[in-house]
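Contents: one structure, followed by commentary.
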Amino acid sequence: MVGNGIAIVGAGMIGAAHAAGYRTHLPRFAKLGATMDVVCDVNVDAASKMASTWGFDRTAADWRAVMADASIGIVSVCLPNFLHTEVAQTALRAGKHVLCEKPLALSADDARATRDLARASSGVSGTVFNYRRIPALADINARVANGELGDPVQILIQYQCDYAADPMLPHSWRYTFDRAGPGALLDLGTHAVDMARFMLGDVSEIAGAVSTISICERFLPAAATTGHGHTQLSDELAIVDNDDVMSALLRFTGGAQGFVTASRIALGTGNRVQVEVYGTRGTARFTTEMPSHFELAISDDGSPAPFRRMINRPSSPSVGTLAPVPHDLVSIGYAEGFGFMIHEFLSAIAEGRPFENGSMEDGYRAAQILDAIQTASEINAPVSVNWRD
Ligand SMILES: NC(=O)c1ccc[n+]([C@@H]2O[C@H](COP(=O)([O-])OP(=O)(O)OC[C@H]3O[C@@H](n4cnc5c(N)ncnc54)[C@H](O)[C@@H]3O)[C@@H](O)[C@H]2O)c1
């Protein structure tokens, strides 16, 4: 038996998004009896700050002690990528409910082992694929699934960020292959690849992929940093050995093709996700820059069709009564979508059912595609996606 305490492991940038999600949605699950219990981080100050900001009872520095603590039942793994496998697997073995940040692991083999443990666990588990909960993207997904766009032909996904465009941003775990894995590919491409699978299903082949590093070294920080924050720099340079930009051409099992690109140095983009889905009857397109709607063009006879604005409504997927202002055209952005995902995780726990939409299986399947993209870029040749159960 595990208790009802919630633990956030990793008090950095995304740990705060998890904390905000639990703080916003936990009151809806009073019967669960869960409490905002502990924030764990080796950086004691970061843990204390997050605990006091979001109302957690205590802090911890040793994640192993948190996993061994029977009073903890719900764990958000918000650590650097290289720690996901060990921490998520330890939490699963301890019988806890586990929501693990993307990427689920640095490799498909590790992701598969985590997926296997999740399968054997009676707890609820999932991979953080929060973009699935953006209402416009969930809506497009539903329309693709019900055939409104006809047979899928093509998908274009761009995940463009500029968080690393400044060469004076300090070096961190994100810029080393052994701790982050491939750079933009695992940091941003993970979401893009999951979005591609979410919309069009499984991928059979990476027809080609390119990855490049533009800023080849960065100064090490002189003080602790989180997220993409600046801090005082030391005078020691360290090598950046993972990609700043990646692009891949995908062939889907169902016959469609896709193009996925991600950059962490695309100046001016902030954090922009654009998705375009083309089918034999229509096109849907969405950008996070205009989060209150997506656009849809449908033509039954192939004649030119204008794009219609499909606005967010309370009846849009995921929204229901969850939006703080349940009214037409009220923007639903990153933070709300992230909270909707936490709500779904808590719902699955409360109802004793699987968290399916962003599962550990989805984390593993994305990892298989990401491995194939990395290999295709290294050998500069097509790579089949190795669909191992
Ligand atoms: N879902 C999303 O949209 C999204 C967005 C950003 C980041 N992420 C993911 O979240 C994870 C964390 O990213 P971040 O930006 O929050 O990183 P971060 O560097 O801001 O925070 C990581 C935290 O982990 C702590 N930490 C490191 N080693 C530790 C250990 N052994 N024990 C306890 N604490 C330890 C660090 O001190 C730091 O506070 C990454 O896997 C990243 O891919 C996801």
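FYI, it's all coordinate maths here, none of it is from the lab. Given the structure is predicted, the values throughout are model-derived calculations rather than measurements. Here Cβ is always computed from backbone atoms with ideal geometry, including for glycine, and neighbour counts include all displayed protein chains.
Each Lys and Arg contributes +1 and each Asp and Glu -1, all at the Cβ; summed about the Cα centre of the chain, the dipole is approximately 940 debye. Beta-bridge orientation, the chain: approximately 60 percent antiparallel, per DSSP, counting only bridges with both partners inside. Ordering of 93-103, 42-52, 65-75, 231-241 by packing is 93-103, 65-75, 42-52, 231-241, highest average first (other Cβ atoms within 10 Å, averaged per residue).
Sorted on the mean count of surrounding Cβ atoms within 10 Å across their residues, most packed first, peptides 304-316, 245-257, 183-195 read 183-195, 245-257, 304-316. Once the convex hull of all Cα atoms in the stretch 5-130 is built, its volume per residue stands at 95 Å³.
Dividing the summed helix terms, -39500 (n - 2.57) for each DSSP H run of n ≥ 4, by the number of residues in the chain produces a 222 nm estimate of -9500 deg cm²/dmol to the nearest 500.
Computed over the stretch 271-389, the P(r) curve from all C-alpha pair distances, binned at 5 Å from the origin, holds 2, 9, 12, 13, 15, 16, 14, 12, 5, 1, 0 percent per bin.
Here the chain is treated as an ellipsoid with the same Cα gyration tensor; its semi-axes, largest first and in whole Å, are 31, 26, 21. The stretch 108-143 and the stretch 58-105 have Cα centres spaced 16 Å apart. Rg over Rh for the stretch 155-295 works out to 1.04, both radii taken from alpha-carbon positions and Rh defined as the Kirkwood radius.
Length available on full extension from residue 68 to residue 173: 0.36 nm per residue minus the Cα-Cα distance, which gives 35.2 nm. Per-residue extension of 0.36 nm, minus the Cα-Cα distance of residue 351 and residue 20, leaves a gain of 117.0 nm for this segment. Put simply, when 23-35, 196-208 are sorted by average Cβ atoms within 10 angstrom per residue, most first, you get 196-208, 23-35. Stretched out straight at 0.36 nm per residue, the stretch from residue 202 to residue 32 would grow longer than its current Cα-Cα span by 57.7 nm.
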